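Visitor: Right, I'll just put the structure down here and ask away after.
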Amino acid sequence: MQIAIDGPASAGKSTIAKQLAADLHFIYLDTGAMYRAVTWWALQQDIPLADEKKILTALDDEPIRFIPAPGGQRVELFGHDITMAIRSEAVTNNVSQVSALPGVRTEMVKRQRDIAAGQNIVMDGRDIGTTVLPHADVKIFMVASVAERAKRRFKDNAEKGIHVPLEKLAQEIEARDFKDSHRTESPLKQAPDAIKVDTTSLTIPQVVAKITAIIQKKQ
Ligand code: C5P
């Protein structure tokens, strides 16, 4: 069974997807972390972020590893633990530029499909229901107001000791949504057969319950 969860930045996709995967004993794949890992590596190597060829050469066939860890997964690339680094403001504010590169997308989509092959999986991202897994059994398009998403990110940041004003976070979220939904290659959009779930005024357990009910109808 394949479950695709797409939606704009900070709508709660990964929190919910992780929980669903744990409840169902499915694999969880955070595709955003893959684009973040590529962006981190390009920044690390001082590669201009528009230079698709150089980025792909630098990445080569190196796998982006997801390793089970207490409370979630650790992300590794070229032997570096980049779990925290890929959540930095620098990566967050540059990832949309890298993820818009067609060659980077082709490579990531191929890797994502390889991981999904023959497995029960919950995958979250921007183009899962439209491009990566067009035949997914359940497709969810998760949304929330910009104000609510900025508040959630503010809280996440505070827990990590990062302090960015709420207003700036809202602007960054809107800028990322705009870039992600206006790129040429598989832009963020709701698949025609996806079910929209607005999480603005819902708690995490309420969203999980809502999506679990949708999944149960398909099982
Ligand atoms: O989900 P997350 O916010 O970590 O994603 C980071 C970025 O990666 C997104 O803003 C988007 O640019 C890119 N992305 C994408 N396609 C996906 C997942 C993420 O383009 N399937």
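Visitor: At a Förster distance of 30 Å, what's the computed FRET efficiency of D51 paired with M84, Cβ-Cβ distance as r, to 0.05? Write down the numbers at each step before the final one.
Guide: Values: r = 26 Å, r/R0 = 0.86.
That gives a FRET efficiency of 0.70.
Visitor: Pop a pseudo-label 7 angstrom from the Cα along the beta-carbon direction at both T106 and K218 and give the gap in nm to one decimal.
Guide: 2.9 nm
Visitor: Order 184-190, 56-62, 119-125 from most to least packed using the mean count of other Cβ atoms within 10 Å.
Guide: Details: 184-190: 16.0, 56-62: 12.6, 119-125: 23.4.
Ranking, from highest mean packing down: 119-125, 184-190, 56-62.
Visitor: So for the chain, averaging the separation of alpha carbon pairs under 8 Å that are six or more residues apart and normalising by length, what relative contact order in percent results?
Guide: Values: 320 pairs, mean separation 72.7, N = 219.
Answer for the chain is 33 percent.
Visitor: If you don't mind, there's one more thing I want to ask. Against the 2.2 N^0.38 Å scaling, with N counting residues, where does the stretch 9-57 land? I'd like the Cα-based Rg ratio to two decimal places.
Guide: Numbers: Rg = 14.8 Å, N = 49, 2.2 N^0.38 = 9.7 Å.
With N residues counted in the stretch 9-57, Rg over 2.2 N^0.38 Å equals 1.54.
Visitor: Sorted by packing (mean other beta-carbon atoms within 10 Å per residue), highest first, where do 95-101, 159-165, 39-45, 112-118 land? Intermediate results must be reported in sequence, preceding the final value.
Guide: Working: 95-101: 22.3, 159-165: 10.0, 39-45: 20.0, 112-118: 13.1.
Result, highest mean Cβ count within 10 Å first: 95-101, 39-45, 112-118, 159-165.
Visitor: Within the stretch 67-195, how many Lys pairs sit with Cα atoms under 20 Å apart, leaving out pairs fewer than 8 places apart on the same chain?
Guide: Within the stretch 67-195, the lysine pair count is 9.
Visitor: Roughly how many debye, to the nearest 20, is the charge dipole of the chain about its Cα centre, given +1 on each Lys and Arg Cβ, -1 on each Asp and Glu Cβ, and no other charges?
Guide: About 520 debye.
Visitor: Just to confirm my numbers, what's the Cα centroid distance between the stretch 1-79 and the stretch 160-216 in Å?
Guide: A separation of 16 Å, based on Cα centres.
Visitor: Sticking with this one: Helix by helix through the chain, keep the DSSP H runs that span 18 Å or more along the axis on Cα and average at least 0.5 on Kyte-Doolittle, and give those back in order. Before the final figure, lay out the partial values.
Guide: Details: long enough: 31-44 (20 Å, 0.17); 102-116 (21 Å, -0.93); 146-159 (20 Å, -1.64); 166-182 (24 Å, -1.11); 204-218 (22 Å, 0.60).
The qualifying helices are 204-218.
Visitor: Using all C-alpha to C-alpha distances in the chain, build P(r) with 10 Å bins and read off the rounded percent in each one.
Guide: With a bin width of 10 Å, the distribution comes to 8, 35, 40, 17, 1.
Values quoted throughout were computed directly from the atomic coordinates according to the rules given, and no laboratory measurement underlies them. Nothing here was measured: the structure is a model prediction, and the numbers come from that model. Please note: Cβ atoms are built from the backbone with ideal geometry, for glycine as well, and neighbour counts cover all protein chains shown.
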